[in-house]
Amino acid sequence: MSDLARGFLFYQSDKKLPLIKKAKGIRIWDESGKEYIDACSGAIICNIGHGNERVEKAIREQAQKAFFAYRTQFENEPAVLLAEQLVKHSAPHLNKVFFVSGGSEAVESAIKLSRQYFYSKGQGSRYLFVSRTPSYHGSTLGALALTSYAPLEIPFGPMIQSYPKIPAPYCYRCIYGKAYPRCNIECARALETTILEHGQDNVAAFVVEPIVGASIGALVPPENYFSVVQDTCRKYGIHLILDEVMTGFGRTGKLFAYEHWGVEADIVALSKGMASGYYPLGAVMASEHIVDQVLRAGGFAHGHTYAGNPMACAVGLEVFKIIIEEHLSENSAAMGQILKAGLEELAKKYAIIGEVRGKGLLTAIELVKDPDTREPFPAEKNINMLLTDVAAQNGLIIYPRKPINGLSGDHVLIAPPLIINEQEVYEIVGRLDSALKSTVKKI
């Protein structure tokens with residue numbers, strides 16, 4: 001392929017990238033034949049790995065039937081069966097499913113469902129959605145309004161709704177200058193303060209990732225964080241909306257991350273691992289009383305053209321079966337322990353690793369200039385990108401971000417496909433070791 005032809009395409013930057021030739025399992029090869037380990041599952045999406053033959057077969061079979069059917073004209077069997085499986089394996093109260101095509105769509109659909117529920121009950125003043133800082137919930141305008149990650153927000157500030165934010169439970173850099181558990185989880189209790197400041201009759205929901213994904217990097221909350229949050233939501237009659245776009249479908253060692261703490265969310269947004277990169281797919285799950293109220297009042301005033309199409313749902317159904325039948329959530333838990341232990345050994349070896357975080361196969365390392373004071377590197381040095389580029393040279397793909405609201409600090413996510421085995425985990429740690437060694441020399 002000519003450089004001229006490749007020049008017509010653009011995404012976030014003009015950085016020249018290798019051209020992918022093929023992918024299988026946890027590995028990717030570029031056009032030169034160089035092999036990479038996909039240690040971040042693309043954008044933490046390829047939960048079942050690349051080139052799965054069962055999914056390929058499901059695609060061929062569905063292609064002989066129908067690729068597309070519009071949801072207001074026909075039901076389709078894959079959508080019905082996938083919804084059934086999601087309900088079967090989810091929390092008992094989450095018994096309604098609405099399909100979309102991606103994570104941003106799922107989050108937008110979730111907040112619109114919550115808003116329409118209250119509107120239909122004569123509580124039209126409830127339009128505010130509380131979220132956290134830092135956070136990432138999507139790039140479309142509604143989801144971006146929930147997001148607190150400065151580089152993504154600033155250019156579009158005049159275009160988006162301003163929603164209240166509370167601090168994330170970022171214990172490594174506690175905004176209150178306290179330490180858990182003596183802090184009394186002040187960051188969780190900030191939710192009640194914020195609700196009262198804005199008026200409880202004006203707040204519809206609290207939107208939150210159970211484990212923070214990209215914005216801070218595999219941030220696991222304190223053990224009783226969600227009990228405080230859930231009690232607060234119930235006290236003031238607001239919805240608890242969980243963004244499980246990244247954490248769902250086995251990524252954290254449970255099928256859904258809410259299982260770690262027994263959280264009973266009113267609405268859950270899903271995507272990424274749901275179709276594992278084989279087709280665009282997402283969903284919203286909600287309790288029956290929310291959906292029935294909206295439908296009785298005239299129907300959900302929302303939808304997307306490709307929502308619930310037969311091919312997407314056929315792929316999602318097969319991916320879901322693979323995750324369940326091959327016990328990938330359990331493998332994520334087991335391999336995640338080995339991976340985290342390996343990262344903690346690297347932290348002993350390299351002083352630039354300030355903290356190792358994560359659960360299951362959603363892990364991260366935060367990089368710091370001074371591990372004692374936790375001082376970050378100067379933002380302009382982009383140490384996260386330096387490590388990512390060096391790792392790629394060593395045949396390892398990792399996922400870089402800046403945890404201090406996207407403006408400073410450095411972390412990388414290590415989140416390989418859930419099919420990984422023990423030897424492959426050690427291979428990732430070994431390649432990351434080499435990349436860290438080279439990065440420290442460059443610094």
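The values are calculated or read from the model by the stated rules, or taken from the named source; none is laboratory data. This is a predicted model, so every value here is computed, not measured. FYI the Cβ positions are ideal-geometry reconstructions off the backbone, even for glycines, and counts take in every protein chain you see.
Being of a type in the set (Gly, Ala, Ser), farther than 21 Å from VAL212 by Cβ and not in a helix (DSSP H, G or I) is the filter here, so list the residues in the range 385-441 that pass it.
Passing the criteria: only GLY395.
All but one of (1) buried (at least 21 other Cβ atoms within 10 Å of the Cβ); (2) assigned by TED's automatic domain parsing to the domain that holds VAL100 hold for MET335; state the number of the condition that does not hold.
(2)
Of the conditions (1) surrounded by fewer than 17 Cβ atoms within 10 Å (Cβ to Cβ); (2) in the same structural domain as LEU240 (by TED's automatic domain parsing), LEU19 fails just one. Which one is it?
Here LEU19 clears every test but (2).
Could you please let me know if ALA379 is surrounded by fewer than 19 Cβ atoms within 10 Å (Cβ to Cβ) and under 26 Å from the mean Cα position of the chain (by Cα)?
yes
Would you check if there is a residue in the range 84-96 being outside the structural domain of VAL245 (by TED's automatic domain parsing) and more than 19 Å from SER271 (Cβ to Cβ)?
Checked against the condition, which is being outside the structural domain of VAL245 (by TED's automatic domain parsing) and more than 19 Å from SER271 (Cβ to Cβ), the range 84-96 yields no hits at all.
Can you tell me which residues in the range 337-365 are in contact with a Lys or Arg (Cβ under 7 Å, 6 or more places away or on another chain) and within 21 Å of MET246 (Cβ to Cβ)?
Across the range 337-365, the qualifying residues are VAL356, GLY358, GLY360, LEU361, LEU362, THR363, ALA364.
Select, from LYS402, LYS348, the only residue that is assigned by TED's automatic domain parsing to the domain that holds ILE26, buried (at least 23 other Cβ atoms within 10 Å of the Cβ) and basic (Lys, Arg).
Only one candidate qualifies: LYS402.
Can you name the condition, by its number, that HIS302 falls short on among (1) touching a Leu at 6+ places or on another chain (Cβ under 8 Å); (2) assigned to a loop (DSSP other than H, G, I, E, B); (3) closer than 26 Å to ILE420 by Cβ?
(3)
Does any residue of the range 416-427 turn out to be touching a residue at least 12 places away in the same chain (Cβ under 8 Å) and among the polar types (S, T, N, Q)?
Among the residues of the range 416-427, at least one is touching a residue at least 12 places away in the same chain (Cβ under 8 Å) and among the polar types (S, T, N, Q), which makes the answer yes.
Yes/no per residue for (1) in contact with a Pro (Cβ under 7 Å, 6 or more places away or on another chain); (2) in the same structural domain as GLY124 (by TED's automatic domain parsing); (3) in contact (Cβ under 8 Å) with a residue 60 or more places away in the chain; (4) assigned to a loop (DSSP other than H, G, I, E, B):
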position	(1), (2), (3), (4)
PRO158	no, yes, no, no
ALA179	no, yes, no, yes
CYS183	no, yes, no, yes
ALA204	no, yes, yes, no
ALA214	no, yes, yes, yes
VAL229	no, yes, no, no
GLY250	no, yes, yes, yes
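Among the residues of the range 108-122, is any β-branched (Val, Ile, Thr) and under 16 Å from the mean Cα position of the chain (by Cα)?
No, the conditions are met nowhere in the range 108-122.
Within the range 303-350, take every residue that is β-branched (Val, Ile, Thr) and under 22 Å from the mean Cα position of the chain (by Cα) and give me the one that is farthest from VAL429 (Cα to Cα).
Looking at residues that are β-branched (Val, Ile, Thr) and under 22 Å from the mean Cα position of the chain (by Cα), I get VAL315.
Does at least one position in the range 38-60 carry a residue that is assigned to a loop (DSSP other than H, G, I, E, B), assigned by TED's automatic domain parsing to the domain that holds ASN309 and without any contact (Cβ under 8 Å) to a residue 12 or more places away in the chain?
no
Checking ASP410 against (1) free of Cβ contacts under 8 Å to residues at least 12 places away in the same chain; (2) crowded, with 23+ Cβ neighbours inside 10 Å: exactly one of these is not met. Which one?
The number of the failed condition is (1).
So which residues in the range 127-143 are crowded, with 23+ Cβ neighbours inside 10 Å and either modelled with pLDDT under 95 or part of a helix (DSSP H, G or I) (or both), if there are any at all?
Within the range 127-143, ALA143 is the sole residue that qualifies.
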